[in-house]
Amino acid sequence: MNIFDGIAKYGVVPVIAIEDANDALALSDVLIDAGLPVAEITLRTGDAVNAISEIVKHRPQMLVGAGTVLNEEHLSLVHTAGAAFAMSPGIDAATLSAAQKLGLPFAPGVMTPSDVQTALRSSCDIVKFFPATAAGGIPMLKSLAEPFRHTGLKFNPTGGITLDTMSDWLTYEPVQAIGGSWIANSQDISKGNWDLIGERAKAARKMAEKTVGCNSRP
Ligand code: 3PG
């Protein structure tokens, strides 16, 4: 099973901006207890790489990857920290090639057919569809994905997705999992609102299971 199939099992990926790596283990414990031991830690904060490293070292049951990976240097940092995967909001040739050289599972961001073709040329089998809601939502994703359906390419939509809308996305077969920051936002992490984060994670996991029976996914 590849890493992204592992993510598909959960159907939903908490997208996280964490300000202080000291919060990383408490956050992981809440996600593990909620049955959602997966996280995309975005490189939007100064401590993101340290947070990834802490989780990798101390919570091996977490499937932790890096988000907002913008260049070769970011890739190298998160690879050294032990990230299991990396994602970008957009796509560029240098970052694609660096991810391949490192052997790091990588999902670039796409929003146009040309982006998708660039991803396919680099043999990506999963791409992020970002910003999913603002770019036109599910009708846009369907229009974008259908011409490529025969390639087997899978999509990870993120951007504006919530507990209320996630099942609409998940029922479209090319969607491998959705991502969202609503489960664990940076304010709640900083304030240590672990119960609230745990409730949101449980609700998201439950919704994904109800929608597509995520346990039976590959
Ligand atoms: C991402 O990086 O994937 C998005 O910022 C998540 O979007 P959201 O904050 O609207 O959930």
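The values are calculated or read from the model by the stated rules, or taken from the named source; none is laboratory data. Just so it is clear, the structure is predicted and the values come from calculations on it, not from any experiment. All Cβ positions, even for glycine, are placed from backbone atoms using ideal geometry, and neighbour counts span all protein chains on display. Just so you know, the surface numbers come from the protein's heavy atoms only, side chains and all, with ligands and any DNA or RNA stripped out. Shrake-Rupley method; radii C 1.70, N 1.55, O 1.52, S 1.80 Å.
Structure data summary
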quantity	calculated
Residue match in the range 59-70 (condition: under 20 Å from residue 7 (Cβ atoms), part of a helix (DSSP H, G or I) and of a type outside the set (Ser, Thr, Tyr))	no
Residue satisfying condition, being surrounded by fewer than 17 Cβ atoms within 10 Å (Cβ to Cβ) and away from the ligand (no atom under 16 Å from the Cβ), within set 160, 198, 192	192
Single residue of 114, 97, 76, 53 found to be among the polar types (S, T, N, Q), free of Cβ contacts under 8 Å to residues at least 12 places away in the same chain and either in a helix (DSSP H, G or I) or open to solvent by 60 Å² or more (accessible area, probe 1.4 Å) (or both)	114
Failed item, numbered, when residue 70 is tested on (1) surrounded by 14 or more Cβ atoms within 10 Å (Cβ to Cβ); (2) farther than 20 Å from residue 38 by Cβ; (3) under 17 Å from the mean Cα position of the chain (by Cα); (4) not β-branched (Val, Ile, Thr)	(1)
Filter result (in contact (Cβ under 8 Å) with a residue 40 or more places away in the chain, more than 16 Å from the ligand (Cβ to nearest atom) and either crowded, with 20+ Cβ neighbours inside 10 Å or in a helix (DSSP H, G or I) (or both)) within the range 32-50	33, 34
Complete set of residues in the range 163-189 that are away from the ligand (no atom under 14 Å from the Cβ) and either in a helix (DSSP H, G or I) or within 16 Å of residue 16 (Cβ to Cβ) (or both)	167, 168, 170
